[in-house]
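Presented below is the structure to which this report refers.
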């Protein structure tokens, strides 16, 4: 039997951030017990208000192409040292680098840029629509 992966693999990511400093966050941190197996934290009924037991609404979606390959780089260097008269040395070096499998990241949930910036002959998008930058909600980075 030949394994055929799905067209794309998807993962929904949830991040919990509790910073030390405020009294409510300090109280939450104090209630988290030490566990050698982190999955036990999700099963502890005393802290369900800290660690959600169901998928929270929103978050980030990551998708990986079915033909994804780990990044590879071909790099070659060549150098020569040539002794010149008057006890001088000439050094010539060259380096060649080629990305064989490069990774391309793209956030497909971003609105098109509202305007562009021109710097000399370089024109690039300018994201001035920061508050309405996502096409769908409650998801952010897709």
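Please state which of the following conditions residue 120 fails to meet, knowing it meets all the rest: (1) farther than 30 Å from residue 75 by Cβ; (2) surrounded by 11 or more Cβ atoms within 10 Å (Cβ to Cβ).
Just one mismatch for residue 120, condition (2).
Which condition number does residue 2 fail, the rest of (1) modelled with pLDDT of 80 or more; (2) under 30 Å from residue 105 (Cα atoms) being met?
Result: residue 2 fails condition (1) only.
The values are calculated or read from the model by the stated rules, or taken from the named source; none is laboratory data. None of the values given here were measured: they were computed from a predicted structure. Glycine gets a Cβ as well: all are built from the backbone with ideal geometry, and neighbour counts include every protein chain shown.
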